[in-house]
1. If you scan region B:294-320, which residues turn out to be modelled with pLDDT under 90, in contact with a Phe, Trp or Tyr (Cβ under 7 Å, 6 or more places away or on another chain) and part of a helix (DSSP H, G or I)?
2. For B:Ile33, all conditions in the list (1) within 14 Å of chain A (Cβ to nearest Cβ); (2) crowded, with 21+ Cβ neighbours inside 10 Å hold save one; what is the number of the exception?
3. If I go through region B:11-41 residue by residue, how many of them are hydrophobic (A, V, I, L, M, F, W, C) and outside any helix (DSSP H, G or I)?
4. If you check B:Val118 against the conditions, is it facing chain A (nearest Cβ under 10 Å) and over 19 Å from B:Arg219 (Cα atoms)?
5. Give region B:195-207 a look and list any residue that's open to solvent by 20 Å² or more (accessible area, probe 1.4 Å) and outside any strand (DSSP E or B), or say none.
6. Looking at B:Ser150, is it out of contact with any Leu (no Cβ under 6 Å at 6 or more places or on another chain) and more than 10 Å from chain A (Cβ to nearest Cβ)?
7. Could you please let me know if B:Cys448 is open to solvent by less than 20 Å² (accessible area, probe 1.4 Å) and over 23 Å from B:Ile5 (Cβ atoms)?
8. Check B:His226 against each of (1) assigned to a strand (DSSP E or B); (2) more than 10 Å from chain A (Cβ to nearest Cβ) and name the one condition it does not meet.
Amino acid sequence: MSSRILEVVSDGINMAMTHCKAEFQWNQWNCPETSFSQTHKQASTKESGYTTAILAAGIIHSLAKTCSKENNRICDCNVNGLSEAVTQEMKRMEGIPPPRMNGTYFQINDNAYQVLKSKYNEMDKSDPKAEVVWSWGGCSDDPGFAEEEAKKLFANYETESDVQGLIEQHNIRIGRQIVKETMLRKCRCHGVSGSCSHQICWMEVAPFAIIAHALKDRYKRAIRISFEESRGARTIGNSVSLKLNPSLKLNTIKQLVFLDQSPDYCIPNNSIGWPGTKGRICSKSNSTIPDERRSCRKLCRKCGHRVKRERKMVKVSCNCAFKWCCKVECDTCYEMVDHYTCN
Amino acid sequence: MPGTILENLSGKKLSVLVTVLLVFQVACFLVGIIPPAPAASQGILATVCEVSDTKLNDDVNYWFSRKNCPRIITLHDDNATAHLQAENLVFMIEMPLYGVDFSRWHQNLIGVLQIDSVYYEHLEELEPVVELTIDARLAYSDKLPNGKKSAWQYYAHSEEKRYMDCEIDKKIHNLNGYPYNCSLVPLFELGCVYHDYYLLNIRLPYNYSLQKNTKLTSRVVDMYLHFIHMNGGFVQVWISMKFVFFPLIVAVMIWFWNRVHMLSRVPALLEYMLMSLGAALAFLDLPVEYLTLHFNMPYMLLLSDIRQGIFYAMLLLFWLVFAGEHMLINDNGCKNSIKLYWKHLSTIIFGCLSLLIFDLCERGVQLVNPFYSIWVTPVGTNLALTFIIFAAISACLYFLFLCYMIWCVFKNISIKRSVLPSMSQARRLHYEGIIYRFNFLMLATLICAAVTVISFILNQAAEGQRKWDDGTDIEISSILHTGVYGMWNIYICAMLILYAPSHKQWPSDPVCNEGEEVEFNRLPVDTSPNEISSLTSFASKSNIE
């Protein structure tokens, strides 16, 4: 059973990866798996900012879902979200450098993770304090994570002077916040005979597709930051360099931040495991997605590649109908399809 | 001159009384600060259980929970579920979450289902209205003294049809994998929360020939159950208020009835009305909710609907009779009978009966089957709508009658006002008394109605704007609920006190202009000897004049 919590966390990571790929399918950088990998840790670019944020969002999302799914003690009725014991333990563990989570370069506080694991297994144990809170005023409609507490799970304990760590922390925070900001509000009437004299509303975690999409907007507006320690002032630089006084913290910025200019994604880069855009598929379909419509220009021509068209007769499934519960019944059609690749 | 306390009370005493009532009123609003919101909800994500032995589906006493599910799966993974049939899936929902158990203070439980379905480009789009067939089974369990749960016991089982409205926002780029926006589906209503734990086993059977779930043409990935319960804290404060108001109203009623009986006459219609209104309020105030802590009373929702219905019906009837008794135009002489109001009365009775039948159809059947909803079948919907439309028509008719009567009263009052200066002093005082009495009630009623409407709007607005991370602990809706509830109690108490017959003048007649007094004493005797106040004398005089 203890591996279930690992499953929960890795479910979140997988979800983040899948959705990242879907979001960036038609961009030069297409969110390859290597960008999540620890061995290929890259510079603090816009793209690594996005992956950091979406991973944090994915894990939070997955934890929140677990909280509303089963009786475990990760989430509590009385504090909004993560249970007090978990947060206490996380506080205690502060300052101890955490080992890294396998497979991703993303850091998860291992001690916090151990506590999480043990809390997860404490099922069906009643908590008298929670009992009182619950029978008096119900549980909070927050579906199971607290802003301040959850961040400890992803805490990066490098010192403030480590600019890269600071930026990573900021992007993690954006990832957490986006889950909160995209939450949907649902209401329901429950008056006399179902009339609307009483109404109750609750917040609900949005489907992850919405979160990934919202994060992409933050990515598009990401801000480049350069820290100049001289004169004790930090400067923020996008196109214009803004002077920041030391009291102005990063957390006032609502966008993703990055430090380094992104490399030219047209050309392969072995050090970060980037294969370049040669061989990528692009699309000339009349799609509603602007990135898709422009994909051949952006992926191929801009990078100096030619667009290769291949006309093929392909067997596709068509007229598909879903049959509850789990079957998709399709006809087989033959279609003449144009395939475009960068050559 | 026989009259009510209101017109014989000195300004000073009246202001003291009004102040006391206002203090009570403020206290009622302040009490609302203590409790949390009246209701709360919890959302539970169903755990999907894969059942290979489909024969178990026929056994209504076999319960799947996380403990005994052979294999827990997720519907997000298309490939892992490809081999499954609809009958292999059971959605398990154990209530409540977070290792706590239900308390009987939670009073009632409403469950709504949310089915998350995902759009795929290559799949047929969902129809705007999806018909669902839901096989729902509810079990309960109690906490044993040793802290463990007892085995799941059968509570209810039903196969129900539901309709779900779904849409997808076509403006979104890259719709693939995007969830449909589907409406919530009402699932069950429990009139009392007698047990500690509840377990739902939901199946969505598929049958092509019976058209079961054939419209579910999109991948279902998640199912949520949101349940709404009353908050224990609010119920505690609410019942405490009832424990205070109930004896108070009963005491006021006894006092009122004693007053009436001290008169050597048969009580008048308006006095009967006031007594019945008081009785209806006392019935509403009766803290029967307290019994739910000890007994299983699933009919509580129905009972509270009926209690509210009786109270509102009596209140409407009271206003009508009050306006009617102050009408001043009456030529048949039998004013003191409720029969005179048969037209108006029938609108109230008809409206209330329609609502009662509707309520019995819905909540009455829910006593047997908590999953029942009248709205799911076309016949049921038509029936429900018919009753609601009947009730609405009756309500409109009633208000037309009432407005007409009030208009008549005001017209008469203005006529009387214009001739007031020409009257003798006693008669003028007398008319002024009646006008004052009527205006007083009108004012009080209008204020109460306005406060009720405003609080209703505020309540909706407050719910509409409430931010989820709002740090305030004070619940506006609780304050409004206790305040308005207290207000109607105070309103009716005030009516009973102020419109009770005054004894100031009946043992020995007041100092009055003699000539007038003769006229005054004569008139009631002439018309009806059992007149309470100057109502009839006023009316009769209007005939004479």
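The values are calculated or read from the model by the stated rules, or taken from the named source; none is laboratory data. Source: prediction; values computed, not measured. Cβ sites come from the backbone with ideal geometry, for glycine too, and all protein chains shown count toward neighbours. The area values use the complete protein model at the heavy-atom level, side chains included, leaving out ligands, DNA and RNA. Shrake-Rupley method; radii C 1.70, N 1.55, O 1.52, S 1.80 Å.
1. Listed by number, the residues that qualify are B:Leu316, B:Leu320.
2. Of the numbered conditions (1) within 14 Å of chain A (Cβ to nearest Cβ); (2) crowded, with 21+ Cβ neighbours inside 10 Å, the odd one out for B:Ile33 is (2).
3. Going through region B:11-41, the residues hydrophobic (A, V, I, L, M, F, W, C) turn out to be B:14, B:16-18, B:20-24, B:26-31, B:33-34, B:37, B:39-40.
Subsequent filtering for residues that are outside any helix (DSSP H, G or I) retains B:33-34, B:37, B:39-40.
Count: 5.
4. no
5. Result: B:Asp196, B:Pro205, B:Tyr206.
6. On the way: out of contact with any Leu (no Cβ under 6 Å at 6 or more places or on another chain): no; more than 10 Å from chain A (Cβ to nearest Cβ): yes.
No: the conditions fail for B:Ser150.
7. In short, no.
8. Failing condition for B:His226: (2).
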